[in-house]
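Peer 1: Below you'll find the structure I mean.
Only the coordinates and a few stated rules stand behind these numbers; no lab work does. Source: prediction; values computed, not measured. Because the Cβ atoms are built from the backbone with ideal geometry, glycine has one as well, and the counts that use them run over all protein chains shown.
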Amino acid sequence: MELDSVILRIAGITNRSPVTSKLHERQEILDLSENSHEAVLRPMDPGGISHALRAALASRMSTMNGDATLTAHYRALLQDDTQGTPELSRIADPTHAPSTKAGEWLAAVVRHVDLLTASPQSVTKSEIQALQAQGVGDADIVRITQLAGFVNYQVRFVAGLRLLSDTEQG
């Protein structure tokens with residue numbers, strides 16, 4: 001099996017890993033996850049959520065979840081993006097809240113991503129209305145939610161693969 005998957009690289013799974021034979025049976029899941037990575041992080045039509053902003057938010061969520069390798073992956077995507085700005089680099093750090101100079105729209109998006117990552121069960125209709133009140137369109141709310149859902153799934157998938165790999169090696 002050729003390992004050409006962001007998730008496998010982040011998890012440290014190589015062709016020599018004992019878990020590789022088990023993953024071969026799950027190739028469809030790996031392929032779907034890889035396709036989702038591209039669709040969510042670098043869609044052909046990003047709407048109002050640029051590729052650079054997506055990478056910054058993904059880095060932020062990865063950091064909040066404590067995955068340094070995944071954070072580095074998303075920071076590299078942000079650095080490679082020509083639309084990356086110093087403010088977006090700061091947003092990638094969850095200890096940074098965007099200033100009002102950066103705009104209430106961006107601050108609302110970051111607050112929403114933080115909530116989806118730290119406490120997704122607490123997202124209510126009023127949270128969505130707060131985004132709308134700051135000018136975040138419905139399609140972009142869906143895009144943000146998809147991004148948060150995918151990155152948080154990816155963190156858990158990678159953690160599971162690492163545990164499986166450690167179990168197989170130990």
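Peer 1: With axes computed from alpha carbons, what is the tilt in degrees of helix 104-118 against the longest principal axis of the chain, rounded to the nearest 10 within 0 to 90?
Peer 2: That helix lies at roughly 40 degrees to the long axis.
Peer 1: Take Val109, Val123, Val19 and order them by how many other Cβ atoms sit within 10 Å, fewest up front.
Peer 2: Val123, Val19, Val109
Peer 1: Would you list Met44, Met64 from fewest to most Cβ contacts within 10 Å?
Peer 2: Met44, Met64
Peer 1: Residue by residue, what Karplus-based ³J(HN,Hα) values in Hz, rounded to whole numbers, does region 82-87 have, using 6.51, -1.76 and 1.60 with θ = phi - 60° and x for Gly and Pro?
Peer 2: 3J(HN,Hα) across region 82-87, in whole Hz: 5, 8, x, 10, x, 5.
Peer 1: With only Lys, Arg, Asp and Glu charged, each at its Cβ (+1 for the first two, -1 for the last two), find how big the charge dipole of region 6-169 is about the Cα centre; round to the nearest 20 debye.
Peer 2: Its charge dipole is roughly 280 debye.
Peer 1: Another one. Can you pull out the trypsin sites (Lys or Arg not before Pro) in region 12-106 whose DSSP state is coil and whose Cβ has at most 15 other Cβ atoms within 10 Å?
Peer 2: Of the trypsin sites (Lys or Arg not before Pro), the ones in loops of region 12-106 whose Cβ has at most 15 other Cβ atoms within 10 Å are Arg16, Arg26, Lys101.
Peer 1: A further question on this structure: Whole-Hz ³J(HN,Hα) for each residue in region 135-150, computed from phi via Karplus 6.51 cos²θ - 1.76 cosθ + 1.60 with θ = phi - 60°, x for glycine and proline: what do you get?
Peer 2: x, 7, x, 4, 5, 6, 4, 5, 4, 5, 5, 4, 4, 4, x, 5
Peer 1: Here's something else I'd like to know. What are the ³J(HN,Hα) couplings of region 54-62, residue after residue, when phi is run through the Karplus curve with 6.51, -1.76, 1.60 and θ = phi - 60°? Round to Hz, x for glycine and proline.
Peer 2: 4, 5, 5, 5, 5, 4, 4, 5, 4
Peer 1: If R0 is 30 Å, what FRET efficiency do you get for His24 and Gln83 from their C-beta distance, rounded to 0.05?
Peer 2: Computed FRET efficiency for His24 and Gln83 comes out at 0.20.
Peer 1: Which of the GluC sites (Glu not before Pro) found in region 1-109 are loop residues per DSSP with 14 or fewer other Cβ atoms within 10 Å of their Cβ?
Peer 2: Listed in order of number, the matching sites are Glu2, Glu25.
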